[in-house]
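*Asks:* Below is the structure I would like to discuss, written out as structure tokens.
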Amino acid sequence: MNIILIGPPGAGKGTQAATLVADLDMVQLSTGDMLRAARTSGTELGQMVAGVMDRGELVTDEIVIGLIEEQLISSTSLGGFIFDGFPRTLAQADALNDLLSKVGQKLDAVIQMTVDDEALVKRITGRFTCGVCGHGYHEEFKAPIIKGKCDSCGEVGAFKKRADDNEDALKTRLMAYYKDTSPLIGYYYAKEQLQQVNGLNSIEKVGGEISKALSKI
Ligand code: AMP
């Protein structure tokens, strides 16, 4: 089963992908994570995209399609792939169809996570992760049990925020979502692959809705 999680920044795509990876043996392919890893390891690609990402703009189709192609060719997944943050443009959506057929696979469903803009600002500006294990938190909705200490790996004082999780970059990211990514909703609806879940619900409830949607495939 290969699926896309689509929704604006802060809709909860990464959180739900992590659950699907744990429960269904799926492999998460997040272009955002791949680009951040390239930046951390200081590759030429990482240096090239740093400014674009910090401003909240989209990197070129060519770059992200190349990253996904590499992963699709080199990874095996028993449960299938979860595309998280990809595709973000119609050109990327077409490329994904081609890449999947090239590796003898197909897209099974597109899950749209709906959330209103006000909730997104609150979610994004409050979120942070553990710099050691990557576990995600939120100042208001999911604070660590002991302040400053990661619930998951126990590391103390290693929390960090994404450079683009600030109000200015968020505005640009939202505009990019509405301008370039939201046309994909109509595209996948027309292909009868779109399913909607209400991303405003609790993490558990959204997870339940996604499972229900996937059980119909
Ligand atoms: P994300 O973690 O998905 O929010 O992505 C963080 C940033 O990486 C975005 O704001 C873009 O600058 C870049 N990015 C990630 N995925 C894509 C994509 N599919 N197309 C273009 N830019 C992307």
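The values are calculated or read from the model by the stated rules, or taken from the named source; none is laboratory data. None of the values given here were measured: they were computed from a predicted structure. No Cβ is skipped: glycine too gets one built from the backbone with ideal geometry, and neighbour counts run over all protein chains shown. Just so you know, the surface numbers come from the protein's heavy atoms only, side chains and all, with ligands and any DNA or RNA stripped out. Shrake-Rupley method; radii C 1.70, N 1.55, O 1.52, S 1.80 Å.
*Asks:* From the residues ILE203, TYR178, TYR188, which one has its Cα farthest along the dipole of segment 138-211 in the positive direction, the dipole being from +1 and -1 charges on Cβ of Lys/Arg and Asp/Glu about the Cα centre?
*Replies:* TYR178
*Asks:* Find the relative contact order for the chain and round it to a whole percent, using C-alpha pairs within less than 8 Å whose residues are 6+ positions apart.
*Replies:* Result for the chain is 29 percent.
*Asks:* A further question follows. Give the carbon-plus-sulfur fraction of the accessible surface of the chain in %, rounded to a whole number; probe 1.4 Å, heavy atoms of protein chains only.
*Replies:* On the chain, the fraction of accessible area on carbon and sulfur atoms equals 53 percent.
*Asks:* Hey, another quick one. Might you report the magnitude of the Cβ-based charge dipole of segment 45-147 about its Cα centre, with Lys and Arg at +1 and Asp and Glu at -1, to the nearest 20 debye?
*Replies:* Approximately 420 debye in magnitude.
*Asks:* Still on this structure: Please give the solvent-accessible surface of GLU167 in Å², to the nearest 10, using a probe radius of 1.4 Å with every protein chain present.
*Replies:* Result for GLU167: roughly 120 Å² accessible.
*Asks:* Is it possible to state the helix-based mean residue ellipticity at 222 nm for the chain, with each DSSP H run of 4+ residues giving -39500 (n - 2.57), the sum divided by total residues, to the nearest 500 deg cm²/dmol? What is it?
*Replies:* When only DSSP H runs of four or more count, the value is -14000 deg cm²/dmol.
*Asks:* May I pose another question? Please work out the C-alpha center-to-center distance from segment 182-197 to segment 75-146 and express it in whole Å.
*Replies:* Value for the Cα centre distance between the two parts: 16 Å.
*Asks:* Take every DSSP beta bridge whose two residues both sit in the chain, then give the antiparallel share in percent to the nearest 5.
*Replies:* Looking only at bridges with both residues in the chain, the antiparallel portion is about 30 percent.
*Asks:* Ok, one more. So how exposed is MET48, as accessible area in Å² (1.4 Å probe, rounded to 10)?
*Replies:* Roll a 1.4 Å probe over it and MET48 shows about 120 Å².
*Asks:* While we're here: Over segment 31-127, give the accessible area per residue in Å² for a 1.4 Å probe, as an integer.
*Replies:* The answer is 48 Å² per residue.
*Asks:* Semi-axes of the equivalent ellipsoid for the chain, please: Cα gyration tensor eigenvalues, times 5, square-rooted, ordered largest first, whole Å.
*Replies:* Three semi-axes, in Å: 25, 21, 18.
*Asks:* Can I ask one more? ARG173: net charge of surrounding residues, Cβ under 12 Å, Lys/Arg +1, Asp/Glu -1, itself excluded?
*Replies:* -3
*Asks:* Can I ask one more? Indicate the gyration tensor shape class of segment 160-217 (rounded, prolate or oblate), computed on the Cα atoms with a ≥ b ≥ c the square roots of the eigenvalues: a/c under 1.5 is rounded; otherwise a/b larger than b/c is prolate and the rest oblate.
*Replies:* Oblate shape, in that a/c is at least 1.5 and b/c is the bigger or equal ratio.
*Asks:* Let me ask something else. Rounded to whole Hz and in sequence order, give me ³J(HN,Hα) for segment 148-155 from the Karplus expression 6.51 cos²θ - 1.76 cosθ + 1.60, θ = phi - 60°, writing x for Gly and Pro.
*Replies:* Coupling constants for segment 148-155: x, 10, 6, 5, 7, 10, x, 5 Hz.
*Asks:* How large is ³J(HN,Hα), in whole Hz, for each residue of segment 12-28 in order, when computed from phi with the Karplus curve 6.51 cos²θ - 1.76 cosθ + 1.60 and θ = phi - 60°, using x for Gly and Pro?
*Replies:* Result, ordered by residue: x, 4, x, 4, 6, 4, 4, 5, 5, 4, 5, 8, 10, 6, 8, 10, 8 Hz.
*Asks:* Under a 5 Å amide H to amide H cut-off, with H placed in plane at 1.01 Å, what residues pair with ILE4 once short-range neighbours are removed?
*Replies:* Residues meeting the criterion, in which the H sits 1.01 Å from N, are PHE83, ALA109, VAL110, ILE111.
*Asks:* Could I ask something else about it? Could you pull out every one of the lysines with an alpha carbon less than 24 Å from that of LYS106, ignoring same-chain neighbours closer than 8 positions?
*Replies:* LYS106 reaches LYS13, LYS191, LYS212, LYS216.
*Asks:* May I ask you to evaluate 6.51 cos²θ - 1.76 cosθ + 1.60, the Karplus curve with θ = phi - 60°, for each residue of segment 156-171 and list the ³J(HN,Hα) values in order in whole Hz, giving x for glycine and proline?
*Replies:* Result, rounded to whole Hz: 10, x, 10, 6, 9, 10, 6, 4, 9, 8, 10, 4, 5, 5, 4, 4.
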